[in-house]
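J.: Mind looking over this structure? Questions follow.
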Amino acid sequence: MHVEVDVPRCVASGQCVLIAPDVFDQRDEDGKVVLLTAEPGPDAHAGVHESALVCPAAAIRVDET
């Protein structure tokens, strides 16, 4: 799994951080997403997929290849 985030598109809702805190964080100054790891381990895959689905700005992209 490879994860990418579109930071300018992020609306700082924080849902990804709540669901997958080992993969996502938020910047202190504006709440925008910070990707902690672009290739999370298998134990994080379900949370990453859920984060991508619930992101209101569709700022998270997941590639399974």
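Conditions (1) of a type outside the set (Gly, Ala, Ser); (2) over 12 Å from VAL62 (Cβ atoms); (3) touching a Leu at 6+ places or on another chain (Cβ under 9 Å), marked per residue:
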residue	(1), (2), (3)
MET1	yes, no, no
GLY14	no, yes, no
ILE19	yes, yes, no
ASP28	yes, yes, no
GLU39	yes, no, no
ALA46	no, no, no
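J.: Using the structure shown, decide if VAL7 is among the aliphatic types (A, V, I, L, M) and surrounded by 14 or more Cβ atoms within 10 Å (Cβ to Cβ).
T.: It is false that VAL7 is among the aliphatic types (A, V, I, L, M) and surrounded by 14 or more Cβ atoms within 10 Å (Cβ to Cβ).
J.: Now for a different question. Pick out the one residue from ALA12, ALA59 that is surrounded by fewer than 16 Cβ atoms within 10 Å (Cβ to Cβ), small (Gly, Ala, Ser) and out of contact with any Ser or Thr (no Cβ under 9 Å at 6 or more places or on another chain).
T.: From the options ALA12, ALA59, the qualifying one is ALA12.
J.: Report, by residue number, each residue of the range 36-54 that is of a type outside the set (Gly, Ala, Ser), more than 18 Å from THR65 (Cβ to Cβ) and touching a residue at least 12 places away in the same chain (Cβ under 8 Å).
T.: Scanning the range 36-54 gives LEU36, GLU50, VAL54.
J.: Here's something else I'd like to know. Being among the acidic types (Asp, Glu), in contact with a strand residue (DSSP E or B) (Cβ under 7 Å, 6 or more places away or on another chain) and surrounded by 14 or more Cβ atoms within 10 Å (Cβ to Cβ) is the filter here; which residues of the range 36-55 pass it?
T.: none
Only the coordinates and a few stated rules stand behind these numbers; no lab work does. Quick caveat: nothing in here was measured; it's all calculated off a predicted structure. Because the Cβ atoms are built from the backbone with ideal geometry, glycine has one as well, and the counts that use them run over all protein chains shown.
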